[in-house]
Structure formats: C-alpha cells, structure tokens
Amino acid sequence: MNVIEQPRMSTGHGSTGRGRNRPRRTPKGRQVDVQALDEIRALLGELPRRRDLLIEHLHLIQDRYGFISAAHLAALAAEMRLAQSEVYEVATFYAHFDVVKEGETPPPPVTVRVCESLSCAMAGAQRLLEDLPKALGPGVRVVGAPCMGGCDHAPVCAVGHVQAVNATPEAVKALAHPGAHAHALQAGIDFEHYMAAGGYRLLGEAFAGKRTRDELIKVVSDAGLRGLGGAGFPTGRKWSLVRGEPMPRLMAVNADEGEPGTFKDRHYLGHDPHRFLEGMLLAAWVIEAAHVYIYIRDEYPELRLMLLEEIEKLERSGLDRFTKIHLRRGAGAYICGEESAMIESIEGKRGLPRHRPPYVAQVGLFGRPTLEQNVETLYWVRDIIEKGADWVTAQGRHDRKGFRSFSVSGRVKNPGVKLAPAGITVRELIDEYCGGMAEGETFKAYLPGGASGGILPASMGDEPLDFGTLEKYGCFVGSHAVVVLSEKDDIKAVALNLMRFFEDESCGQCTPCRVGSEKAAKLMEQGPWDAALLTELSTLMRDASICGLGQAAPNPLMCVLKYFPDELKKPLGHW
C-alpha cells in the first residue's frame, strides 16, 4: 500500500532548529541594526522617504561615511519601507556608491579616480595609475574611472569630489586628504548680473501673455534648433508632440553628458547658467509642465552646488511660479545619458533603458508625458527667440545652416569648446579655432562624435561636421565631441580603449550589448584581429541591442576595419 505523507502544518514563522513548529524569535532576512537605523534617521532628518529619492538618500550615506555598509542599506530600506533587494540593486548599479558587504573591509578614507577615457589616456593616464599609489601611500585608494568631462585639460583625476585637471602626482597628492570636498563654483554670470542685462524679460513676457506658445514653437522650428545631446531631434516638433499629450505633463533635463570627449554642457552651465534656466522655464511653459527635473552628472559637483544656489535665487524672485524645479544627482552611469534610462534613475531606480514604444513623450517620468531636453539645446532658446530664426540660419558652411558647439580635445594646440558654423570641416576647425595641431604632431585621424561616433582618417578631414553628413560613412557627429589623433596614436589602441568603455558602461540588461562588448574587447586585446568574426559580432550588437549604447559601440571598431586596413597588420600599441 502506498503511503502518502501528509504535509506538516506551518506556523508561518519558520523553525528555530530545536522544534519544527516553534515560532522564530526574529523575522526572516537581514535584521535592522538599531544604531544604523538611528544614524539613517538622523541623516535624512525631515526629508521625504519617497521611492524616487532613493538615490539622493544613498548619496547622503556615501558622502557622510565614504561607503555604504550592509547595515545602513538594511536600515535605509526599513526607513523607506522598501525591500532590501530593491535598495541593494540600485546601490550596486551605480559606480559612485561603494557598497561594503557584511564582513568586507571598508575602502580607505580617500579614493582617487583616474580618468582612463581616450583624451586622458592619450595624455598619460596609465602613468598616473602606476605612479599615484606610490606617491600617495597606503591610506589612499587609486582606481580607474570613465570620462569626467575635463577632456580639454587631460589628464584628469577626481580626489573624492574634487577634480585635479592637467593632473600630476604632486597636484593629486596636495588634494588627497580626508577633508577634500567640492566647493560651489562661482557662476560666470550670476542671477543679479543676468537680470541686470535683461535676463528673464522674455519669460516675463510669456507669463504676461505677450508671447504665445505657438509663436515660440514656430520660432525654434524655423531656426532649425535640434536636440544637441546627440540625437538631433527637431526641438519645435518635440515641443508640439508633448504638448499634444494629455495633462499633467512633466519635463526632464539631461545634464549627464558622459560621452568621452564631451564637455560643452559643463562649459555653458558654468559660464551662464541662467541663460539655460530661462530656456528651460520657457520650454516648460510651452508644454505646461508643472515640474521639471534637472539630472546632473555626479562628476560635476561644483556645478551642482552652484545650480542649487542660483535656483534658490530664482525661486525667491517668483520666476518658478508655474514650474517647480528639482535638481537630481547622477551616480556614475553613462547609460543614464539615454533618455529613458535617465528617467528611470530620476525615479530612484537602476538606469535601465526602456523598451519603446511607448516613447518618453507619451509615457515618461512617473508615467506622464515628458519633454526631455539637453542643456545646450535649452541654452540657445532665449537667443533664438529674441534674435529670430534668421540670426541662426544666416550662419553655416558647406550648405549647412546654424552653428554648433564642438568639444575639441586631443592633439590640438588649443582644446576647448568652440562655437563654430554648422557644417565646418575638422580641418577648418583645427586650423581656425584650435590654433592648429599641437607642437610636433601630425594630423592622422579624428573622432567626429565622441566614443560612439566612429573614427575617420585625416584623408576624410574635409567632410562637413553636422547631422546627416557622416552617416553614409558609418559615423555621426552626435554631441559634437571631436577628438583629434596624431601619428603617435595607435588606431587599434584607440578602438580598444573605446570598446572597454562600452563594456564597463553597459547596463547589462540585454545580452547583445553586455556579452558582445566584453567579447569584442577580448578579441581586440588578444589579437590578431579576425575581421570576419569582429564584423559578425558587431552586426549582432547593432541589430539586437535595446538602446543606442550597444548599437553604436561597434562603430569605432568597424571604422578601423574599413578605413585603416594597414593598422591591422601592426601589433597593438599603447600610450
């Protein structure tokens, strides 16, 4: 006779090990430490415990203690009424949070991050990584890091929240002490000076009904203003699309420029922040957004502190009466430059790109129609409306109209942000705006659009740099980050540096990008390069990746195979 064992009845409390039906003395899972909970409550104070503020609260812990312990993670989860797994997965997603598991040793009080991205690699980042541990001693941690937006002053190191540009071991050592912290940058043109020069007059006219929403949309459309963060979508059309969606509507501003070689937003925010803020408030007024969220790079701490001060002045003046401004802090994730990943991060989640449709303009931040704009796009709104579309379209070269801000770095005499006519060639840009090549350097190649925009040889240096002009060559201008290479730069090493960046910055959500970038980097490093295999892998990444990171990651590699066949025969070089 078969005997079927009847299931034992459970008390729901688990077992103590001394009797199967005795209740647990404590609940399942990691217990909340009372001291840690008191510390978290003191740190948060009267701040709201909302889910979308999770990353902001993690920053408070990281800034206060220099790392995030398992006890503090559990306490924060309890205080915010979130699952510990939710808090843990967010904290471990972002590079700037040092999560220390139970039993692990916390990091030293000071961490020095050395930028390893292309412009800094060309300027000697590897030597810094080798020399700094000896120069700084055992109490300092030295690690590699992705682009910090200081490419025109390479190499760059971050000592805690303080950046050392044109970094040397001596300069970094002077900053490497526990008290080093970022100070608010003095705004190039602060609120008082901006107002005295006619600032916010246009916004006042809009509030007073002297300007109409349709009028502003028409002006920016006639001027050909486009998204200047990389995609180049027509701004007027985007405003119309979002305005056509049901209310309430929201707005999100991408100040998270993480593309290696890009630093123009940093330049404009530091030089004239209120020109950007007025453009932002005008755009918010056009689409009737009650709230606008500015998502700024954690690598720009001095800009964030400055913006907090300037926004407070703006609020005291009452200019935000139709739109509440929120400033949110990134945490070291390049993928959050992608609009839907940025929105996920603003909501306090991991920065994973969303599947589309629906698009952000339809279902964006907190599920509402959302206007997403780049800093520089908004920076030009006031000038375009005040001066008219003709002021913009009268500029340009080689059958292109308008102007563009180029972030130029690499082997030129005078790197920096260059405001130049749309359609200018890289050769003209170097000669007319950068003082020519650096001493002793010979122009060999260039990146027209940062890490993802591909690599072109000097023989193609007379092609117009603008949207739609380089796509036929497998390249694009993107955010207009131009990195100039010389004969001393090994093109294979350049492509490998860029592929390693994409490997590190992949969010891991989709296999083609996560695994493809890793396999490509290994194949490129080991050599010799198998052109057929690398092409097959690149095609898979382009066709099957969810977002632009995985789709564009193979661009530099494919350009080397196509335009630099002689380089394939050489051994892999280095700086």
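The values are calculated or read from the model by the stated rules, or taken from the named source; none is laboratory data. Note that the structure is a prediction, hence the values are computed from the model and not measured. Here Cβ is always computed from backbone atoms with ideal geometry, including for glycine, and neighbour counts include all displayed protein chains. Note: accessible area is taken over every heavy atom of the protein model, side chains too, but ligands, DNA and RNA are not part of it. Shrake-Rupley method; radii C 1.70, N 1.55, O 1.52, S 1.80 Å.
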Projecting the Cα atoms of Phe97, Val560, Gly258 onto the charge dipole of the chain, where Lys and Arg contribute +1 and Asp and Glu -1 at Cβ, the residue farthest towards the positive end is Phe97
With a 1.4 angstrom probe the carbon and sulfur portion of accessible area for the range 313-461, in percent, totals 46 percent
In Å, the C-alpha Rg and Dmax of the chain are 25.5, 97
If each part is reduced to its alpha-carbon centroid, the range 320-382 and the range 508-575 end up apart, in Å, by 29 Å
Dividing the mean separation of Cα pairs under 8 Å (6+ apart) by the residue count of the range 87-176 yields a relative contact order in percent of 29 percent
Measuring from its Cα centre, the chain shows a charge dipole (+1 at each Lys and Arg Cβ, -1 at each Asp and Glu Cβ) which, in debye to the nearest 20, is 1760 debye
Taking a probe of 1.4 Å and leaving out DNA, RNA and ligands, the chain shows per residue an accessible area in Å² of 43 Å²
Projected onto the charge dipole of the range 315-463 (unit charges on the beta-carbon of Lys, Arg, Asp and Glu, signs +1, +1, -1, -1), the Cα from Ile455, Gly423, Leu319 with the largest positive-side position is that of Leu319
The base-10 log of I(q)/I(0) that the Debye equation returns for the range 303-376 at q = 0.12, 0.21, 0.28 Å⁻¹, one scatterer per C-alpha, is -0.40, -1.02, -1.27
For the chain, averaging the sequence separation of alpha carbon pairs under 8 Å that lie six or more residues apart and dividing by its residue count, the contact order in percent is 12 percent
Under 5 Å from the placed amide H of His291, counting only residues 5+ away or on other chains, we find Met251, Lys324
Summing -39500 (n - 2.57) over every DSSP H run of at least 4 residues in the chain and dividing by its residue count gives a helix-only mean residue ellipticity at 222 nm, to the nearest 500 deg cm²/dmol, of -11500 deg cm²/dmol
Interchain or sequence-distant (5+) residues whose placed amide H lies within less than 5 Å of the amide H of Ala438 are Val412, Lys413
Any helix of the chain counts here only if DSSP assigns it H throughout, its Cα atoms span 18 Å or more along the axis, and its mean Kyte-Doolittle hydropathy is at least -0.5, and such helices are 273-287, 301-316, 491-505, 531-544
Heads up, the range 33-89 by the C-alpha gyration tensor (a ≥ b ≥ c square roots of eigenvalues; a/c under 1.5 rounded, else a/b over b/c prolate, else oblate) looks rounded
Ranked output for segments 444-453, 285-294, 509-518 by mean other Cβ atoms within 10 Å, highest leading, reads 444-453, 285-294, 509-518
The relative contact order of the range 393-541, taking Cα pairs under 8 Å that sit 6 or more residues apart, comes to a percentage of 19 percent
